[in-house]
Amino acid sequence: MMKSQQSGSEELPPRGGRREAGGPDLISLLPDEVLGSIVSLLPIKEGARTQILASRWRPLWRSAPLNLDTCGRSITKAVLSRILSGHRGGARCFNISYSVLGGDSATLDGWLRSPALDNLQELDFWFDSSASPSPLVPHSTLRFSSTLCVAKFKYCKFSDDTAHQIHFPNLQQLKLCSVTISEDSLHAMLTGCPVLDRFELMYGHVGPPRPLMPPAALSFSSTLRVAKFVLCQFPNTAACQVHFPSLQHLELEMVTIWECSLHAMLSSCPALNSLILNYTYGFYKLIINSPKLKRVEMYFGRSEIEIRLDELIVVNAPCLEKLHHRGPYEDSIEISIISAPKLKVLGRITESIFRLELCTTVFNGLHDVRVATVMRTVKVLSLRLEYLNLDVITNFMKCFPCMEKLYIKTYLMDDENFRLHDYKDHLECLDLHLKKLRISYYHGTRSHVEFAKFFVLNARVLESMVLDVEHTKKGYDWWFENQRRQLKLGKRASIGAQVVFTSDDYFDYLKDIHEFSDPCELGC
């Protein structure tokens, strides 16, 4: 009798699946609508393969919203046409790369008219950049006006007829990469996107002078939060006539913009919290006076013909947390930080810097310093030095007593004037705060060993020291053992400190400081 009761209380196998050794097929208990959404999120091949799981799964892929992305996948036009003709579930994403499309605008037009793409939310197509003339954007693109949220057009041409009819009331992201479009059409297109959140305008790689960006490219809606411009020249008047009340992230990459235009644009962005200038030229001075700016990153290269930044002044940035500047090694920029009370990350300071002013502390070069005030908010410092020099480092530790991470990139092996130091005074940074030190291009020479050993013997809360060495050192275990002996690891001030030898030519300290990044920080 007891056995019968147990048998009658056994759980029945869920519909669509069988009890396996690992337990019941619980996923098959989900409604078809939920399973269809899951299938639609898979890459196209993996989504199609779900049809072999069980009989119940066979119709799901054909009726689930299509998520069609050909980038990096070997899919032919014929296969793509069969997928569209056999699918009846509408589409979420249609992303077609140049490897499939080539310069065939007519075939794209036929695909876009397919009922399988009804209610499309994301459209991204990329013609072959070598196609001449540039293929036209199909008129059938307009049929997604009520549903499209993301649109990316690359290496194509907008006819005036098509561009003037574009009205995407729900479009939030728009990217135009090497497109041909008249200024009137561009203005009409942007006007037809009233809730636009992100806009990217990119031109092809051409030598200076760069193509002049049409002023219409700045005729945004008041909703825009992210803007990126690449490989163009700003007209002098356009940037002075704009107002971006909601813009939070601005990125200029390989752009020429005059000083007055840059400052006019920045002053028109009261909500800006992220500014990236990537190989952007045309101005000698950059003045930052922004109430909400939290991140500034600047990258510059050598140029014989471009006007390049040589003076950076942070007048008032009450929210600024990250200030990064990277230029040529011989860059003799002047940096003055008058008011940045929340600054946490500062880099990369070079030895050839002409002048660094931090409130009332002044570095005339890195060897002539007058430490008058301290900045206790700075947690991360990145330096680029010709030689490893303890005098320079201790001055920075006095200026930034709460520094937790120190990144140093050096170039030369030995300093003939190097001398041993015997510091009698305790440094708060070494006693209480410094947790991570990384030295790039560590050669293991006498001066390098003595420099690193200073931190081994004095950094009381050090958690890790990473010494980045040449690739040629790999396999020479005796060399690493000799280095460990010279560093006197048995006498380290922090018993838990780890000393690691590595080799990474592409290390970027900005990617190594996640805990100091704002999780809500915007990006393109």
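The values are calculated or read from the model by the stated rules, or taken from the named source; none is laboratory data. Note that the structure is predicted; figures quoted are calculated from it, not measured. Note: ideal-geometry Cβ built from the backbone for every residue, glycine included; neighbour counts use all protein chains shown. Surface areas here come from the heavy atoms of the whole protein model, side chains and all, with no ligands, DNA or RNA. Shrake-Rupley method; radii C 1.70, N 1.55, O 1.52, S 1.80 Å.
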Under-5 Å amide H pairs with Lys152, H placed in peptide plane, nonlocal only
Leu123, Asp124, Phe125, Lys175
Against the 2.2 N^0.38 Å scaling, with N counting residues, where does segment 293-411 land? I'd like the Cα-based Rg ratio to two decimal places.
1.00
Average accessible surface area per residue within segment 315-375, 1.4 Å rolling probe, Å²
39
Model label zone, Ala106; criterion: amide N under 14 Å from point 7 Å along Cα-to-beta-carbon; scope segment 133-159:
136
Rounded to two decimals, the Debye log10 I(q)/I(0) of segment 262-320 (Cα scatterers, no solvent) at q = 0.12, 0.17, 0.21, 0.22 Å⁻¹ is -0.29, -0.56, -0.83, -0.90
Can you tell me how segment 111-262 classifies by the Cα gyration tensor, rounded, prolate or oblate, using a/c under 1.5 as the rounded cut?
oblate
How much length is gained if the chain between Lys491 and Ala131 is pulled fully straight, taking 0.36 nm per residue apart and subtracting their Cα-Cα distance, in nm to one decimal?
122.9 nm
Once the Cα gyration tensor of segment 250-292 is diagonalised, semi-axes √(5λ) in Å:
17, 12, 8
Förster radius 51 Å - calculated FRET efficiency between Lys511 and Ser85 (Cβ-Cβ, nearest 0.05):
0.70
For segment 69-148, convex hull of alpha carbons as volume per residue, Å³:
83
Pop out the ³J(HN,Hα) list for segment 469-479 in order, Karplus 6.51 cos²θ - 1.76 cosθ + 1.60 with θ = phi - 60°, rounded to Hz; leave Gly and Pro as x.
10, 5, 4, 5, 7, 4, x, 9, 4, 4, 5
I'd like the Karplus ³J(HN,Hα) series for segment 293-301: coefficients 6.51, -1.76, 1.60, θ = phi - 60°, whole numbers in Hz, and an x wherever there's a Gly or Pro.
5, 10, 9, 10, 10, 10, 10, 9, x
Output the peptides 452-465, 472-485 sorted from most to least packed, where packing is the average of other Cβ atoms within 10 Å over each peptide's residues.
452-465, 472-485
Whole number in Å², please: accessible area per residue of segment 125-263, 1.4 Å probe, ligands, DNA and RNA not counted.
40
Segment 169-299, accessible surface, carbon-and-sulfur percent (1.4 angstrom probe)
53
Multiply the residue gap between Thr360 and Glu311 by 0.36 nm, knock off their C-alpha separation, and tell me the result in nm, one decimal place.
15.9 nm
